[in-house]
Amino acid sequence: MKSIEDYVNLEPQYYQSVLDNYQSLFGDKFTKDEVTKFDNVVIYATGSSSNAAYGALPFMSKILKMPVRIEEPSISENYLLNVKKNTLCLAISQGGHSYSVVKLIERLQEAGHKVYTLTSELDSPVAKISKNLLLMGMPVEEMPYVSAGYSVEILDLLLITLTIASVKNQITSACYQKYLTELTSIVQAMPSVIKRSSQWIDLHLSEFSNAQRIMFIGYGAAYGVSREGETKITEAVRISSWGKELEEYMHGPYLGLKHDDFVICLEPNGKLQKRQELLQQFLNKHIEHVYSIYAGVAQNLGNHDLSLQVETNELLSALFMTVPVHLLAYRLSQKKGIDLQHSAYPDFDKITASKI
């Protein structure tokens with residue numbers, strides 16, 4: 001079975017394949033008559049798929065010029081099914097076995113809503129009940145703790161966004177091509193991102209192995225990365241971890257800071273960088289282990305910090321900023337001797353039927 005690190009190394013290949021084939025994946029799925037009716041978007045996703053959606057959310061909102069929100073499938077299916085008629089419903093389940101996503105799609109379709117379902121597994125329960133299937137464009141990920149699938153979901157959502165905007169004629173061909181060029185540049189930079197991330201982890205792995213709590217703080221597209229950091233550290237390393245939005249962390253959670261906490265600030269070099277720098281000043285005053293991961297070239301790079309050196313639009317940063325997060329989670333799990341191929345609680349799904 002491939003490891004998380006194996007799949008991180010496959011991301012450039014998967015990205016390129018999706019870029020090469022996105023027209024066949026999504027090009028004929030959205031007709032002009034349909035998309036012109038949409039006046040809002042709701043993405044239904046949980047776990048890493050939800051984190052990926054948050055990574056794509058700022059870009060989607062900017063390009064589509066309409067409200068875009070993310071909802072938990074279980075909450076929506078049980079309590080929030082008053083969906084507007086002109087809503088573009090997107091349900092995501094990479095493996096296609098999520099109980100809550102299956103039930104939500106069934107309920108929405110029964111209520112007469114058109115639901116577009118994004119998945120990688122054609123024979124999954126989600127795919128079988130979905131009337132409007134969107135394939136992710138990558139193989140089914142063997143590792144239960146997904147990494148490449150999370151990343152490809154972000155790229156898929158960005159390309160779906162550009163496709164819809166193009167069909168609606170709300171983006172110029174020049175602007176459309178500009179974003180495709182930026183995406184191509186990111187794909188080309190991925191091997192360098194993986195190498196830099198790997199070297200950074202080699203330098204600091206022994207420090208992180210002593211961590212009892214790891215917190216990730218990000219904003220904009222990097223908020224999705226912070227959420228994924230919480231998910232992967234919790235899943236793979238099995239210690240306490242949190243992923244917070246910058247202002248959210250500054251409005252209460254900072255009061256729970258402990259002297260031995262590890263904090264990773266995810267900096268997409270965006271419009272809130274000055275705010276994050278102020279938070280880092282505070283953190284450096286009170287704890288020893290503060291790390292920053294910069295999307296681009298950083299000024300005054302600290303000994304703990306990582307510069308991925310990718311100069312691009314901050315709204316695209318989630319495509320590559322999760323690489324060091326996934327690698328850190330995997331390497332820490334291996335250093336601690338955790339077997340990721342076997343569940344820590346094999347009776348969980350039998351009892352809860354969380355996956356079907």
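The values are calculated or read from the model by the stated rules, or taken from the named source; none is laboratory data. Here the structure is a predicted model, which is why all the values come from computation and not from measurement. With ideal geometry, Cβ positions are generated from the backbone for all residues, glycine too; neighbour counts draw on all protein chains shown. Just so you know, the surface numbers come from the protein's heavy atoms only, side chains and all, with ligands and any DNA or RNA stripped out. Shrake-Rupley method; radii C 1.70, N 1.55, O 1.52, S 1.80 Å.
Taking a Cβ cut-off of under 11 Å around Ser130, the surrounding Lys, Arg, Asp and Glu residues balance to a net charge of +2, with basic ones at +1 and acidic ones at -1. Over the stretch 1-87, Cα pairs under 8 Å with separation of 6+ residues give a relative contact order of 31 percent. Using only the Cα atoms of the stretch 204-299, build the gyration tensor, take square roots of its eigenvalues as a ≥ b ≥ c, and label the shape rounded, prolate or oblate: rounded if a/c is under 1.5, else prolate if a/b is larger than b/c, else oblate. Here the stretch 204-299 falls in the rounded category.
Write down the accessible area per residue of the chain in Å², having rolled a 1.4 Å probe over the full set of protein chains. Can you show the working numbers first?
Values: 15370 Å² over 356 residues.
In whole numbers, the chain has 43 Å² accessible per residue.
Quick one, which of (1) 19.8, 62; (2) 18.4, 57; (3) 19.8, 57 is the actual Rg and Dmax of the Cα atoms in Å calculated for this model? Correct label is (3). Considering helices alone, the calculated mean residue ellipticity of the chain at 222 nm is -15500 deg cm²/dmol, with DSSP H runs of length four and up weighted by -39500 (n - 2.57) and normalised per residue. Considering only Gln177, Tyr254, Ser333, and ranking their Cα positions along the charge dipole of the chain that arises from unit charges at the beta-carbon of Lys, Arg, Asp and Glu, the one farthest toward the positive end is Gln177. Contact order for the stretch 188-335, expressed relative to its length and based on alpha carbon pairs under 8 Å spaced 6+ residues apart, stands at 31 percent. Taking Rh as the Kirkwood radius computed over C-alpha pairs, what is the Stokes-Einstein D of the stretch 225-356 at 20 °C in a medium of viscosity 1.002 mPa s, expressed in µm² per second? It comes out at roughly 131 µm²/s. Largest accessible area first, the residues Trp242, Trp200 order themselves as Trp242, Trp200 under a 1.4 Å probe with ligands, DNA and RNA left out. Between Ile351 and Gln16, the simple label model (points 7 Å from Cα in the Cβ direction) yields a spacing of 4.6 nm. About its Cα centre, the stretch 273-356 has a charge dipole of approximately 160 debye under the convention of +1 per Lys or Arg Cβ and -1 per Asp or Glu Cβ, with nothing else charged.
Residue-wise HN-Hα couplings along the stretch 24-31, as the Karplus relation 6.51 cos²θ - 1.76 cosθ + 1.60 with θ = phi - 60° gives them from phi, are 6, 6, 10, x, 9, 8, 10, 7 Hz; Gly and Pro carry x. A 1.4 Å probe over all protein chains sorts Leu203, Leu279 by accessible area into Leu203, Leu279, starting with the largest.
Taking the accessible area of the chain, probe 1.4 Å, and keeping the other protein chains in place, the carbon and sulfur fraction comes to 50%.
What full-extension length gain, to one decimal in nm, is calculated for Asn132 and Ala111 as 0.36 nm per residue of separation minus the Cα-Cα distance?
Additional length available on full extension: 6.1 nm.
Projecting the Cα positions of Ala111, Ile154, Ile4 onto the charge dipole of the chain (unit charges on Cβ atoms of Lys, Arg, Asp and Glu, taken about the Cα centre) puts Ala111 furthest along the positive direction.
Other residues whose C-beta falls under 13 angstrom from the C-beta of Ile293 contribute a net charge of -2, scoring Lys and Arg +1 and Asp and Glu -1.
Along the stretch 51-60 the Karplus relation, 6.51 cos²θ - 1.76 cosθ + 1.60 evaluated at θ = phi - 60°, assigns HN-Hα couplings of 4, 4, 4, 5, x, 8, 3, x, 5, 4 Hz to successive residues, with x for each Gly and Pro. A cut-off of 5 Å between modelled amide H atoms, ignoring neighbours fewer than 5 places along the same chain, links Arg213 with Phe262. Amide H to amide H, with H built 1.01 Å from N, Asn40 comes under 5 Å of Leu88, counting only residues 5 or more places away or on other chains. Computing FRET efficiency as 1/(1 + (r/R0)^6) for Leu81 and Asp6, where r is the C-beta to C-beta distance and R0 is 30 Å, gives about 0.15.
Near Arg213, once Lys and Arg are set to +1 and Asp and Glu to -1 for all other residues with Cβ below 9 Å from its Cβ, the sum equals -1.
For the options Val193, Val225, Val140, a Gaussian network treatment of the chain with springs between C-alpha atoms closer than 10 Å singles out Val140 as fluctuating the most. Amide H contacts of Ser292 (H built 1.01 Å from N, in plane; Pro and chain starts excluded): Cys265, Asp305, Leu306 sit under 5 Å, all sequence-distant by 5 or more or on other chains. For the stretch 154-163, putting each phi into the Karplus relation 6.51 cos²θ - 1.76 cosθ + 1.60 with θ = phi - 60° gives couplings of 4, 4, 4, 5, 5, 6, 4, 4, 5, 4 Hz, in residue order, rounded to whole numbers and with x for Gly and Pro. Taking the Cα centre of the stretch 210-356 as reference, the dipole from Cβ charges on Lys and Arg (+1) and Asp and Glu (-1) amounts to some 220 debye. Pairs over the 20 Å Cα-Cα cut-off, from the set Lys2/Lys335; Lys37/Lys85; Lys37/Lys84; Lys62/Lys271; Lys62/Lys131: Lys62/Lys131. Glu121 exposes around 40 Å² of accessible area when a 1.4 Å probe is run over every protein chain in place. Take the chain, connect every pair of alpha-carbon atoms lying under 10 Å apart with a spring to form a Gaussian network, then pick out the residue of Leu319, Leu327, Leu180 with the largest mean-square fluctuation. Of the options given, Leu180 has the highest mean-square fluctuation.
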